[in-house]
Structures are given as C-alpha cells and as structure tokens.
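The values are calculated or read from the model by the stated rules, or taken from the named source; none is laboratory data. Predicted model, so just to flag it, every value in this text is computed and none were measured. With ideal geometry, Cβ positions are generated from the backbone for all residues, glycine too; neighbour counts draw on all protein chains shown. SASA here: full protein model, heavy atoms, side chains in, ligands and nucleic acids out. Shrake-Rupley method; radii C 1.70, N 1.55, O 1.52, S 1.80 Å.
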Amino acid sequence: MNQQQFDQVVAFLKTLQDDICAQLESVDGQHQFKEDAWQHAAGGGGRTRVLTGKVFEQAGVNFSHVIGSELPAAATVKRPAMAGQGFEASGVSLVVHPDNPFIPTSHANVRVFRTLPKGDEAAHWWFGGGFDLTPFYPFDEDVKHWHQVAYDACKPFGQGVYAKYKKWCDEYFYLKHRGETRGVGGLFFDDLNEWGFDTCFAFIQAIGKAYCQAYLPIVKKHKNSVFDDEHKQFQKYRRGRYVEFNLVYDRGTLFGLQSGGRTESILMSLPPEVSYRYNYQPEAGTQEARLSEYLQPKEWL
C-alpha cells in the first residue's frame, strides 16, 4: 500500500465519520455531537465526537490517524516478525449506548494499518473492522434485519464472506469467563489484504456504509417504546458485560493504550451508567431471563 492509497483511505474515513454523525443526529432530533480534536505525540491525531442526547444516552464516533515509531505489543503478539517496525494506522470506531433499554447498543469499526519498515524489512498492510449488536430486550425481526444487511454488504465480495466473518464475530465477541457472546453478533474481520488494495478498500467502504442501514431502522422502531425503572436497571446490569469485554479482551482497547493513544477517546466505548449485582439471576420466564437464549452463536438467516 503506497502513500497515495493510504491517504485515499484516510479521506474516506473522515467522510464516513461525518456521515454517521449526521445520521445519528437526525435520529436523535435535538442534540449534536461535540468534537475534541487531538494530536498524537508521535504523529497524527484524531477527532473524537460524542453526543449526549434524547435518544442516545451516549454515542461516540471516533476518527483517528496515528503514526508510531514502534509497534505496540498488542499488534505483534501474533506477528513477531514485525516487532520493532514503525506503523501508521487510521480508522473510524463507534459505540452507541441508547437511553431506551429496548434499543440495542451497537458498535462498528473500519480501519487500515500499515507498517513503516526500516531498511530492507518487508512492509505489511491490512484492513479490519465489522459491526455487532448488543440487545437487552431482543426481537427476532431486529436481529434478522441486522444480519440481512450484513449479508447483503458481503455478498458482492464472495459467496462465503458473510459466513466467515459472521463466525469470526461470534468467536471474537465472546466472554469466555461468562460462557456467552457479548450480543447477537454481526461481522468481524482483520488482516484483510488477500483481495488486493482496490477490492479490500471497496469492502470496508461497503461495511462502513452498511452500519447505519442496519442500525437506524431498529432505533427508529423502538425509540418511543415505553419502559420503566426495572427495564433501565436491567440495561445497566447488562452493560456491565460490555465493560468486561472491552477491558479484558478487546484488542483495539489494548492497542490504543499501548500505542499512546488518547485515553478519553479509547475509553469512550464504555457506557455512562452501569451497575454490577453479585450473582444476579433473572427470574425464570421473565423478559430478562429470555436474553440468555440469544447469547450463544446462532444462524439468523
């Protein structure tokens, strides 16, 4: 991947951030994103945007473009040959925590990465990303819609692409210590370069644009649903699982912290209000107990 190609991806990612923010603002209807621009100590920087609104308790949409002189451990644990190389990385990462417990939390990310080798070392590059959905009170039709949009986005790139990246998502967003998935899945991919630059870039554009197509119809459907304090307390309890995953397993969190990224931007993914209850078990037959049926990998299409 040459400099011109990398710059082309960065330009798309900035536009994607703008577009997603505009669509989320339109759905919220009353509030706008606030932006913090920041600089990375070794080069580059980013734009962190956070909306605290009527529909969205907290929605964060980050753009970053950072340069480093040496890859952090999180990036080389599976690629020891790259240890010591410089790097350049850019991406859009977002997490939306809605106020209404009947609206799922959602996450999406598209990113590009390349090494900046010294001397005769081989250069490496790849794309990654995906999106996943974390409901508290799930509805089958919502989950099927989410996966149908994911399938449609993948279809032009090969018959087995959706199945491969859907499986990867189920396996990646899995809390081993809980024995459950973080939510109902979606897509996850990393190390993508085998299709060549043009096709790989077209794929992350498709995934980035598909996120709002998948999520916003679900938001609009449930944003006026009536809920009570019991629903809200369960939402806060289940948000605890989101925190557990992001702080224990998420490679993006580790990469950001180890590479000297902006801490507030990295931890923007955490929900604003969360609760923990010791050994809590929902009462059998309740809506809350029903959620466990959705937290194992399942074919939705």
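Quick notes
- Flag if Asp191 is in contact with a strand residue (DSSP E or B) (Cβ under 7 Å, 6 or more places away or on another chain) and surrounded by fewer than 16 Cβ atoms within 10 Å (Cβ to Cβ): yes
- If you filter segment 91-146 down to residues that are farther than 19 Å from Leu16 by Cα and β-branched (Val, Ile, Thr), you find that the one that is farthest from the chain's Cα centre (by Cα) is Thr115.
- Given (1) in contact with a helix residue (DSSP H, G or I) (Cβ under 8 Å, 6 or more places away or on another chain); (2) under 25 Å from Asn193 (Cα atoms), index of the condition Phe102 fails: (2)
- In segment 228-248 there is at least one residue matching the filter, namely being out of contact with any strand residue (DSSP E or B) (no Cβ under 8 Å at 6 or more places or on another chain), part of a loop (DSSP other than H, G, I, E, B) and exposed (fewer than 15 other Cβ atoms within 10 Å of the Cβ).
- In segment 281-296, the residues that are of a type in the set (A, V, I, L, M) and either part of a loop (DSSP other than H, G, I, E, B) or open to solvent by 90 Å² or more (accessible area, probe 1.4 Å) (or both): Ala284, Leu295
- Of the numbered criteria (1) more than 20 Å from Phe173 (Cα to Cα); (2) modelled with pLDDT under 95; (3) among the aromatic types (Phe, Trp, Tyr), the one Phe227 fails is (2).
- Of all residues in segment 196-208 being surrounded by 15 or more Cβ atoms within 10 Å (Cβ to Cβ) and of a type outside the set (Val, Ile, Thr), the one that is farthest from Ser93 (Cα to Cα): Phe197
- Selection of segment 116-147 for residues being surrounded by fewer than 20 Cβ atoms within 10 Å (Cβ to Cβ), touching a His at 6+ places or on another chain (Cβ under 9 Å) and closer than 27 Å to Met82 by Cα yields only Pro117.
- Residues satisfying the stated conditions in segment 165-184, i.e. surrounded by 16 or more Cβ atoms within 10 Å (Cβ to Cβ) and part of a loop (DSSP other than H, G, I, E, B): Phe173, Arg182, Gly183, Val184
- Unique residue being over 21 Å from Arg251 (Cβ atoms), out of contact with any Pro (no Cβ under 6 Å at 6 or more places or on another chain) and touching a residue at least 60 places away in the same chain (Cβ under 8 Å) when the list is Val110, Val50, Val96, Val66: Val50
- Test result for Leu301, modelled with pLDDT under 90 and open to solvent by 60 Å² or more (accessible area, probe 1.4 Å): no
- Scanning segment 256-267 for residues that are within 16 Å of the chain's Cα centre (by Cα) and either part of a loop (DSSP other than H, G, I, E, B) or surrounded by fewer than 21 Cβ atoms within 10 Å (Cβ to Cβ) (or both) gives a single hit, Leu267.
- Selection status of Lys155, more than 28 Å from Asn279 (Cβ to Cβ), basic (Lys, Arg) and more than 18 Å from the chain's Cα centre (by Cα): yes
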